[in-house]
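Participant: Below: one structure in structure tokens.
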Amino acid sequence: MIKLSQKQQKILNLLLRSSDMQSSEIHSSLVEAGENISLVTVKRDLSEMSHLGVAVVKGSGRATSYNISV
């Protein structure tokens, strides 16, 4: 079983509701929801989630987006 932090679970919920999202969109959504989280932390969590096989990375550089791994 994969253990995700609370912030990673919130990111996962966002990805479940939307198709592809960029890290900046995820960050904005979390901040609007009242989370005190930096963009760097969002990117770090997304990277870890990708390594765990929970999220899929599409593209590279500024065009990088994330989605749920099926």
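Participant: About its Cα centre, how strong a charge dipole does the chain have in debye, to the nearest 20, once Lys and Arg get +1 and Asp and Glu get -1 at the Cβ?
Facilitator: 120
Participant: Let me ask something else. Solvent-accessible area per residue for the chain at a 1.4 Å probe radius, Å²?
Facilitator: Spelled out: the 1.4 Å probe surface of the chain, per residue, equals 66 Å².
Participant: Based on the mean of other Cβ atoms within 10 Å per residue, sort peptides 59-65, 24-30 so the most packed one is first.
Facilitator: 24-30, 59-65
Participant: So how far apart, in nm, are the two label points at Lys43 and Ile68 if each is 7 Å from Cα heading toward Cβ?
Facilitator: A separation of 2.6 nm, rounded to one decimal place.
Participant: I need to check one value: relative contact order of the chain, counting alpha carbon pairs closer than 8 Å and at least 6 residues apart, in percent.
Facilitator: Relative contact order of the chain: 35 percent.
Participant: Would you mind listing how long the chain runs along its three principal axes, going by Cα atoms, in whole Å with the largest first?
Facilitator: Between the extreme Cα coordinates on each principal axis of the chain lie 31, 28, 21 Å.
The values are calculated or read from the model by the stated rules, or taken from the named source; none is laboratory data. Everything quoted here is computed from the prediction, not taken from an experiment. Because the Cβ atoms are built from the backbone with ideal geometry, glycine has one as well, and the counts that use them run over all protein chains shown. Note: areas computed on protein heavy atoms with side chains; ligands, DNA, RNA excluded. Shrake-Rupley method; radii C 1.70, N 1.55, O 1.52, S 1.80 Å.
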